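Notes for the one structure printed next.
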């Protein structure tokens, strides 16, 4: 990398890590929900029947299956998620968002949105937001994660 690329890389890398850390700390402090658990609840809330196969949920959350299984166990203890056998494939398990889990997500969402707005969008111009979207879509297409 040349000097400019190195500076761009470092600025992007460190800023995204700092932003993720700030969002996680604020969400956990205000709601008791870590960003990782919040993302699981969001993914489930956005699917028909508020359920996903555990393997697909792990993929969507960029998590290993074992890490996701542990997280779902913690969410089960809170009564926010339950597991059930997949009807179309008895070997598969579904994670299902409960009504209590949806209520916890609804309570946490404004805190998350405000944090993202404060620490990201309020810091950028509309042109920078458009460039960020373009950059993100380009990288997602390249990395195979576009949904």
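The values are calculated or read from the model by the stated rules, or taken from the named source; none is laboratory data. Quantities reported herein were computed from a predicted structural model and do not represent experimental measurements. Every residue, glycine as well, gets a Cβ built from its backbone with ideal geometry; the counts of neighbours run over all protein chains shown.
Determine which single condition residue 45 fails, assuming it passes every other condition in (1) in contact (Cβ under 8 Å) with a residue 40 or more places away in the chain; (2) more than 14 Å from the chain's Cα centre (by Cα); (3) surrounded by fewer than 15 Cβ atoms within 10 Å (Cβ to Cβ).
(2)
Quick one: in segment 103-139, which of the residues that are part of a loop (DSSP other than H, G, I, E, B) and without any contact (Cβ under 8 Å) to a residue 24 or more places away in the chain is farthest from residue 24 (Cα to Cα)?
Taking the candidates together, the pick is 125.
Regarding segment 25-42, can at least one residue be identified that is closer than 14 Å to residue 94 by Cβ, loosely packed, with under 11 Cβ neighbours inside 10 Å and without any contact (Cβ under 8 Å) to a residue 60 or more places away in the chain?
Looking through segment 25-42, none of the residues is closer than 14 Å to residue 94 by Cβ, loosely packed, with under 11 Cβ neighbours inside 10 Å and without any contact (Cβ under 8 Å) to a residue 60 or more places away in the chain.
Could you list, ordered by first residue, the pairs with Cβ atoms under 7 Å in which the first is in segment 1-19 and at pLDDT below 95 and the second is part of a helix (DSSP H, G or I), at least 6 apart or interchain?
1/9
Could you please find all residues in segment 60-79 being under 16 Å from the mean Cα position of the chain (by Cα) and surrounded by 15 or more Cβ atoms within 10 Å (Cβ to Cβ)?
Correct list: 60, 61, 63, 68, 69, 71, 72, 75.
Inside segment 80-102, can you point out the residues that are part of a helix (DSSP H, G or I) and buried (at least 16 other Cβ atoms within 10 Å of the Cβ)?
If the condition is that a residue be part of a helix (DSSP H, G or I) and buried (at least 16 other Cβ atoms within 10 Å of the Cβ), then 101 is the only one that fits.
Looking at segment 79-89, can you tell me whether even one residue there is within 22 Å of residue 112 (Cβ to Cβ), out of contact with any helix residue (DSSP H, G or I) (no Cβ under 6 Å at 6 or more places or on another chain) and free of Cβ contacts under 8 Å to residues at least 60 places away in the same chain?
No, segment 79-89 contains no residue that is within 22 Å of residue 112 (Cβ to Cβ), out of contact with any helix residue (DSSP H, G or I) (no Cβ under 6 Å at 6 or more places or on another chain) and free of Cβ contacts under 8 Å to residues at least 60 places away in the same chain.
Cβ-Cβ below 9 Å, separation at least six or inter-chain, first residue in segment 51-67 and without any contact (Cβ under 8 Å) to a residue 60 or more places away in the chain and at positive phi, second surrounded by 15 or more Cβ atoms within 10 Å (Cβ to Cβ) and in a helix (DSSP H, G or I): which pairs?
The qualifying pairs are 62/39.
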